[in-house]
């Protein structure tokens, strides 16, 4: 992503002896003016003036985290569950570098994230002062823009520019680094906030070309991703799909973009998606790709992906169109406008019934399967969670690993912004803090984190944040005693040589939860799981359900490495 750095000498304007605001006060007032209601962070020496401004009064709720990585993931969870800007605050040095993983995660998953970091005083920059770090250059490859603000008069405009950039076009992370003396110095008056920019409208000729191609198509597929969710274009997508009768496959990041129980929704394609969804893409003659990156976890080898299809690629980011897969029909602009514009150009087109019957036949032939057995199967845990939380306004979050993919397979999401996971960066430990951020943003929703025992232990300390802030998230751990995804790869492709994946000398995760002041219970049967969920819903406090599941369970189906996405390793009975 492109980066802008602002570092200017002090201006004479900043010497006004009686400014309305100090730099620290200006930061809070700009955030308030931008509509920020919640932020996440931890104080330290270089950011103390900002925290003193909080102490003197702000309309923004501050959530005190236990680790700055948690602050970043909470801000991501807040942003992705609400559609609003996420804000994380950290001090200089290690505080700032602890935000690097969430920043990278936000970049990969197109999440609007503003990171405000303290920096050592301007006179000490470049001297290797205590807790000095050039965080602007550390994060330069990851952010849409970054600012080191050494001129107090530039603080307000720099913050406004950062906030606008984080949310404009394809969303992403930005960083504003503010030396301690700039936070204490006069920074001028707030003034009027900037006006929102209008949406970029796709060219009519581009939509005309896609409409003509669709009317010729016999095997069309809508292939949709996280861009649809970010753009708030779910209603336009569903309207187009229903009007044209075109089947929809949604990526991991696009899960919930259309209701997953809708007859046109084929669920997720890719590495561990349904084989029927992969076959639909493989055999399509026209792919309407909307807000997707043609990620390798979906396509497999690009030269084998959708070999019969022409591609219409809708995106707000010109760098994505044609980056990996050539697009015969590029459509650049706001996705809501592009989808509604195509809907207007259908001219009565309906997807051929024989194509929809074929896709349905594949779905019947290759369903998700697993072998029932004594004990608690991880797949069955997800099936029961799907049933037990049905009818509620649920936001699901996950860590990264086998549990993430089982959640993708077995949880049905009926609305956008209801499934939050780390997609492109694959960040273990994302699930719990993201759930806390989502609960802060949507207090009326039931927020459930599906985690693994490995992922949970990376950010478990944030349970203390959930307890202290009275954010009653529910965490369900699929505890198989292993780093399950790595174990599966070692079993399948490394002749069963298991190296450093054994977690069977276990941490008592339920006891850990109770140590942080949350409720914690261990379950080993379906009946115990059901009782634990009922108790968690009644408790109105953070709860960890440590579900001990069958160890060594393989996550299937699975794309064969190096093979076309249509070729998958299936459940044993299907080999």
Among the residues of region 484-506 satisfying the criterion of being modelled with pLDDT of 85 or more, surrounded by 13 or more Cβ atoms within 10 Å (Cβ to Cβ) and in contact with a helix residue (DSSP H, G or I) (Cβ under 8 Å, 6 or more places away or on another chain), which is farthest from residue 572 (Cα to Cα)?
-> 503
Scanning region 122-138 for residues that are in contact (Cβ under 8 Å) with a residue 40 or more places away in the chain, out of contact with any helix residue (DSSP H, G or I) (no Cβ under 9 Å at 6 or more places or on another chain) and more than 24 Å from residue 169 (Cα to Cα) gives 125
Can you pull out the residues in region 544-561 that are more than 26 Å from the chain's Cα centre (by Cα) and assigned to a strand (DSSP E or B)?
-> 548
Consider residue 505 against the criteria (1) over 25 Å from the mean Cα position of the chain (by Cα); (2) more than 30 Å from residue 298 (Cβ to Cβ); (3) touching a residue at least 24 places away in the same chain (Cβ under 8 Å): it satisfies all of them except one. Which criterion is unmet?
-> (3)
Any idea which residue in region 286-305 is nearest to the chain's Cα centre (by Cα), counting only those that are farther than 23 Å from residue 333 by Cβ and part of a loop (DSSP other than H, G, I, E, B)?
-> 300
Name the single residue, out of those in region 195-227 being surrounded by fewer than 21 Cβ atoms within 10 Å (Cβ to Cβ) and within 20 Å of residue 165 (Cβ to Cβ), that is farthest from the chain's Cα centre (by Cα).
-> 195
Within region 68-84, residues being surrounded by fewer than 24 Cβ atoms within 10 Å (Cβ to Cβ) and either touching a strand residue (DSSP E or B) at 6+ places or on another chain (Cβ under 6 Å) or not in a helix (DSSP H, G or I) (or both) number 2
Sole residue being surrounded by fewer than 21 Cβ atoms within 10 Å (Cβ to Cβ), in contact with a strand residue (DSSP E or B) (Cβ under 8 Å, 6 or more places away or on another chain) and either in contact (Cβ under 8 Å) with a residue 60 or more places away in the chain or closer than 30 Å to residue 307 by Cα (or both), chosen from 361, 326 = 326
Please state which one of 83, 72, 126, 93 is on the phi > 0 side of the Ramachandran plot and within 21 Å of the chain's Cα centre (by Cα).
-> 83
If you check every pair at least six apart or on different chains, which have Cβ atoms under 8 Å apart with a residue in region 554-575 that is within 19 Å of residue 480 (Cβ to Cβ) first and a residue that is loosely packed, with under 13 Cβ neighbours inside 10 Å and modelled with pLDDT of 90 or more second?
-> 571/371; 572/371
Restricting region 190-209 to residues that are in contact with a helix residue (DSSP H, G or I) (Cβ under 8 Å, 6 or more places away or on another chain) and more than 30 Å from residue 345 (Cα to Cα), the residue that is modelled with the highest pLDDT = 190
Hey, any hits in region 384-393 for a residue that's closer than 26 Å to residue 86 by Cα, surrounded by fewer than 24 Cβ atoms within 10 Å (Cβ to Cβ) and either without any contact (Cβ under 8 Å) to a residue 40 or more places away in the chain or touching a helix residue (DSSP H, G or I) at 6+ places or on another chain (Cβ under 9 Å) (or both)?
-> yes
Report yes if residue 119 is touching a residue at least 60 places away in the same chain (Cβ under 8 Å) and at positive phi, otherwise no.
-> no
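The values are calculated or read from the model by the stated rules, or taken from the named source; none is laboratory data. Because the structure is a prediction, the values reported are computed rather than measured. Don't worry about glycine lacking a Cβ; one is built from the backbone with ideal geometry, like all the others, and counts go over all protein chains shown.
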